[in-house]
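Reading through the structure tokens given below for one structure.
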Amino acid sequence: MENENIKEFSIYTKKALGVKESYAVIRNTVSLGIDEKEIIENASSAIFFKMLRSHKNKRILIVCGNGGKGSIGFGLARRLINYSEVKVALIGGYESLKPINKLNYELFSKISKVEIVDFGSLNKLKNMIKNSDVIVDAIMGIGMKGRIMGLDYNVIKMLNESKKHIVSIDLPTGVDADTGTFNRTYIKADEVFTLYKMKKGILKNKLIRGTVVVDSGIPFIAELLTGPGDVFLTTEKKDIFSNKFSSGSLLVIGGSERYQGAPKLSSFSAKTSLAALRTGAGYVTALVPKKIEEFARKNSDGIIINAFNNNKKEFLDMVKKIRHRVLVIGPGMENAEGVGVAELLKYESKAGNTVIIDGGALKHLGRYKNMLNKNMVITPHEGEFREFSGIDIAKKTFHERIKIAINLAKSYNCVVVLKGHITIITNGDLLKINKARTPALATMGTGDVLSGIIGAYCAMHKDPFECSTAGVYIHSNIGDKLYETKGNHIIAQDIIDMIPEFLKDFDVIG
């Protein structure tokens with residue numbers, strides 16, 4: 001992929017971002033080697049050039065808060081001061097600043113004085129507003145939480161009452177980046193320079209005009225390639241009152257006399273994924289052929305085991321009684337005919353459940369492709385893709401594979417995870433690309449573990465595309481990390497054992 005130009009596929013990224021999506025992109029950017037300081041510098045520089053065109057030689061007041069938006073305000077001030085009369089006010093004090101803000105504060109304070117705004121100096125701020133032509137809102141950005149109160153409330157009210165021309169960085173303070181709803185008070189901006197991409201809240205709020213997207217130095221590959229931000233995006237908060245059903249429930253159907261271990265591996269990966277996020281064991285059930293029930297029970301590691309005979313009606317009745325909101329079907333399965341694929345998919349669709357279709361189930365899905373929907377994920381490797389779609393991609397170029405996968409996902413309104421050294425994840429509208437750095441995962445059973453990881457995330461998070469992306473990234477990166485110590489001698493169980501260690505840094509308790 002190093003020599004491939006993938007710019008044309010940037011159209012398959014999100015058109016607008018919410019709060020968590022924005023932070024996810026920043027995390028992916030940092031993982032590429034572009035740190036937050038560089039992002040802030042690029043953002044302040046881009047806004048500077050925009051403002052220089054229309055506000056040069058004007059009296060500009062930049063009002064900064066203590067977060068990342070305030071840091072961009074300080075960087076903007078440092079640049080504008082060469083071309084305009086610039087004053088900077090900081091709400092609160094130096095001690096309230098985050099470390100990254102202190103750097104930009106100190107740089108600007110070497111050039112000019114920063115006025116500290118508190119309740120005792122509001123009259124001074126009022127005079128600064130009066131003596132300005134343009135006000136830059138660098139107070140609160142996408143990270144705003146709770147109701148705006150106290151000093152912030154008074155400052156925002158004062159800025160709005162001034163009737164001065166107000167420019168907001170990223171989005172107006174007090175406007176929710178996800179919903180566009182207004183806080184108790186909010187900045188009534190005349191211009192908005194939103195960073196990298198449009199924010200969902202701006203699109204939803206039709207009262208906001210004059211919004212321009214500016215380049216903050218975030219590369220499009222931060223969205224197109226998988227990264228740690230994708231795991232962050234799908235990780236939900238857990239609180240002290242969580243129970244085993246809080247993260248949803250998962251049913252795995254698979255196994256055969258030949259592939260006895262596969263359903264256990266997939267179930268166990270779901271269990272450990274949930275455990276790694278500190279929600280307990282979760283609720284995972286494996287449904288296996290009757291002939292391997294005894295073996296499965298002996299090797300279940302605490303997972304609930306049910307067994308079925310090849311009777312379609314009895315099988316479906318059993319599925320209906322098992323609590324689950326996510327189904328993984330196919331790991332280690334040689335013959336899916338006995339389970340009644342059509343009847344099963346119809347039931348799962350009506351129940352609104354997410355379905356991950358893997359391995360043996362894919363071989364029998366070709367005739368039922370029209371039953372796929374947006375809550376279904378197929379995870380074929382090259383051979384399974386040929387059996388499922390009738391398309392041989394063995395000699396196709398990387399670009400051709402992407403286009404074929406996108407078209408298939410779009411045609412059947414499902415998520416496609418086309419596995420390989422470079423894995424393609426798409427729902428037809430969005431695309432993610434994951435490149436493994438090693439061949440560590442080229443061994444039996446590892447694909448079944450991937451299905452379990454994706455299934456676990458689908459039980460916790462409602463977007464199958466985002467869950468598939470997170471699952472592929474986790475799976476691939478664990479494989480690469482294991483390669484450092486085990487080389488090409490990794491088995492599926494090694495991946496399972498490392499899931500909690502890999503995921504614990506993403507845990508959010510709240």
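No lab work stands behind these numbers, since they all come straight from the coordinates. As the structure is a computational prediction, the values presented were derived from the model and not from experiment. Reconstructed Cβ throughout: ideal geometry from the backbone, glycine too, with neighbour counts over all protein chains shown.
Just a few scattered comments:
- Beta bridges assigned by DSSP with both partners in the chain are antiparallel in approximately 15 percent of cases.
- Sparse-neighbourhood loop sites, trypsin sites (Lys or Arg not before Pro) in segment 402-437 - DSSP loop, at most 13 other Cβ within 10 angstrom: 437
- Sparse packing (at most 12 other Cβ atoms within 10 Å of the Cβ) combined with a DSSP loop state is found for the following trypsin sites (Lys or Arg not before Pro) in segment 60-124: 110, 113.
- The angle between the Cα long axis of helix 312-321 and the longest principal axis of the Cα atoms of the chain comes to about 40 degrees, rounded to the nearest 10.
- Modelled FRET efficiency - R0 51 Å, residue 95 with residue 462, Cβ distances, 0.05 increments: 0.80
- In order along segment 449-458, the Karplus-derived 3J(HN,Hα) couplings, from 6.51 cos²θ - 1.76 cosθ + 1.60 at θ = phi - 60°, round to 5, 4, 4, x, 5, 4, x, 4, 5, 5 Hz, and Gly and Pro are given as x.
- Applied to segment 173-186, the Karplus parametrisation 6.51 cos²θ - 1.76 cosθ + 1.60 on θ = phi - 60° returns per-residue 3J(HN,Hα) values of 4, x, 9, 5, 5, 8, 9, x, 6, 8, 6, 3, 9, 7 Hz, with x for Gly and Pro.
- Each Cα pair under 8 Å and six or more residues apart adds its sequence gap; the mean of these over the residue count of the chain is a relative contact order of 14 percent.
- Each peptide in 196-202, 211-217 gets a packing score, the mean of other Cβ atoms within 10 Å over its residues, and the list from highest to lowest is 196-202, 211-217.
- Per-residue Cβ neighbour counts within 10 Å put 11, 474 in the sequence 11, 474, beginning with the fewest.
- Each residue, residue 318 and residue 11, gets one label point 7 Å from its Cα in the Cβ direction; the gap between the two is 4.8 nm.
- Backbone N under 19 Å from the residue 493 label point (7 Å along Cα→Cβ), restricted to segment 416-443: 441-443
- Taking every alpha-carbon pair under 8 Å whose residues sit at least 6 apart, segment 320-368 reaches a relative contact order of 54 percent.
- Aspartates and glutamates whose Cα lies under 20 Å from that of residue 321, excluding same-chain neighbours fewer than 8 positions away: 293, 343, 348
- Residue pairs, from the table 403/462; 124/237; 419/486; 102/164; 346/403; 14/87, whose Cα atoms sit over 32 Å apart: 124/237; 14/87
- Mean ellipticity per residue at 222 nm, deg cm²/dmol - from DSSP H runs of n ≥ 4 across the chain, formula -39500 (n - 2.57): -13000 deg cm²/dmol
- Karplus-derived 3J(HN,Hα) values for segment 71-86, using 6.51 cos²θ - 1.76 cosθ + 1.60 with θ = phi - 60°, are 4, 5, x, 5, x, 5, 4, 4, 8, 5, 4, 6, 10, 9, 7, 10 Hz; glycine and proline are entered as x.
- Charges were assigned to the Cβ only: +1 to each Lys and Arg, -1 to each Asp and Glu. The resulting dipole of segment 7-224 about its Cα centre is roughly 580 debye.
- Each residue, residue 59 and residue 310, gets one label point 7 Å from its Cα in the Cβ direction; the gap between the two is 8.8 nm.
- Relative packing of peptides 484-492, 21-29 - highest average C-beta neighbours within 10 Å first: 21-29, 484-492
- Between 0 and 90°, nearest 10: helix 36-55 axis offset from the chain longest Cα axis: 50
- Angle in degrees between helix 99-109 and the longest Cα principal axis of the chain, rounded to the nearest 10: 20
- Segment 7-224: relative contact order as a whole-number percent, Cα under 8 Å and 6+ apart: 24
- Using a Förster distance of 56 Å, the FRET efficiency for residue 240-residue 127 (Cβ separation, nearest 0.05): 0.65
- DSSP bridge orientation in segment 7-224 - percent antiparallel, rounded to nearest 5: 5
- Taking amide H as placed 1.01 Å from N in the peptide plane, the amide H of residue 197 sits under 5 Å from none that are at least 5 places away or on another chain.
- Alpha carbon centroid spacing (whole Å) that separates segment 352-374 from segment 186-249: 31
- If only the Cβ of Lys and Arg carry +1 and only the Cβ of Asp and Glu carry -1, the dipole of the chain around its Cα centre is close to 1600 debye.
- Close amide H pairs (under 5 Å, H built 1.01 Å from N) link residue 333 with 255, 360, 361, residues at least 5 positions away or on another chain.
- Among the trypsin sites (Lys or Arg not before Pro) in segment 134-175, those located in a DSSP loop and surrounded by at most 14 other Cβ atoms within 10 Å of their own Cβ are 145, 147, 163.
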